[in-house]
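Note sheet for the following structure.
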Amino acid sequence: MRLRVLAVGKAPPWIDEGFASYAQRLPPDNALELVVVTPRTGQSDGERLLASVRAREVVVVLDRCGRPLSSEGLATLLADWRMGGRDIALLVGGADGFDTRTRENAEYVISLSQMTFPHLLVRVLIAEQIYRAWSILAGHPYHR
């Protein structure tokens, strides 16, 4: 299973380094990739991100209005995704968030928190949580 984080806009180097720090810890069968989508005038972030989703990818929108999950809950979801045999596209919107249409086109809408985070920082947060979920499933001591 491959996981791709589709995110809007270029980030400063420390964000990319933070993402890479967690992504490189994952084994090849849970590879995590960052895909940066350039915003365009006249097109919403959601439209741009949905256009970047590959056929058969499970679409997961990260949105404050989504279903809250614990780290253990995300680990359970990660295990389910593995069993489903499909790749995953995790969508991170820009500063304006997602419109209703984008959320309706997702198979999952997940909240990392009820707090609002800077959209660029969410890239690092989701990478860390994916690594944490993997460590829970693997029995690795990272999550204690």
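Numbers below:
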{"quantity": "Using θ = phi - 60° and Karplus 6.51 cos²θ - 1.76 cosθ + 1.60, couplings along segment 65-77 (whole Hz; Gly, Pro as x)", "calculated": "7, x, 6, x, 10, 7, 4, 5, x, 5, 4, 4, 5"}
{"quantity": "Apportionment of accessible area to carbon and sulfur, the chain, percent (1.4 Å)", "calculated": "52"}
{"quantity": "The chain: most fluctuating residue of Ala133, Ala31, Ala106 per GNM, C-alpha cutoff 10 Å", "calculated": "Ala31"}
{"quantity": "Karplus-derived 3J(HN,Hα), 6.51/-1.76/1.60, for each residue of segment 130-140, Hz, glycine and proline x", "calculated": "5, 4, 4, 4, 4, 5, 4, 5, 7, x, 6"}
{"quantity": "For the chain, accessible area per residue (1.4 Å probe, heavy atoms of protein chains only), Å²", "calculated": "53"}
{"quantity": "Interchain or long-range residues, amide H under 5 Å from Leu6's placed H", "calculated": "Val35, Leu90, Leu91, Val92"}
{"quantity": "Sequence-distant residues sharing a close amide H with Phe98 (under 5 Å, placed H)", "calculated": "none"}
{"quantity": "Mean Cβ neighbour count within 10 Å, used as a protection proxy, ranking 52-61, 118-127, 11-20 highest first", "calculated": "118-127, 52-61, 11-20"}
{"quantity": "³J(HN,Hα) computed for each position of segment 42-51 - Karplus, 6.51 cos²θ - 1.76 cosθ + 1.60, integer Hz, glycine/proline x", "calculated": "x, 9, 6, 4, x, 4, 4, 5, 4, 5"}
{"quantity": "Answer label, with Cα extents along the principal axes in Å calculated from the coordinates and candidates (i) 47, 43, 29; (ii) 46, 32, 28; (iii) 40, 29, 26", "calculated": "(ii)"}
{"quantity": "Residues in segment 26-42 that a label on Asp96 would reach, taking backbone N under 14 Å of a point 7 Å out along Cα→Cβ", "calculated": "39-42"}
{"quantity": "Efficiency of FRET between Thr76 and Arg40 - r from beta-carbon atoms, R0 30 angstrom, step 0.05", "calculated": "0.25"}
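The values are calculated or read from the model by the stated rules, or taken from the named source; none is laboratory data. The shown structure was predicted, so the numbers you read here are calculated from the model rather than taken from an experiment. A quick note on method: Cβ atoms are made from the backbone with ideal geometry, for glycine too, and the neighbour counts reach across all protein chains shown. What goes into the accessible areas is simple: the full protein's heavy atoms, side chains included, and nothing from ligands, DNA or RNA. Shrake-Rupley method; radii C 1.70, N 1.55, O 1.52, S 1.80 Å.
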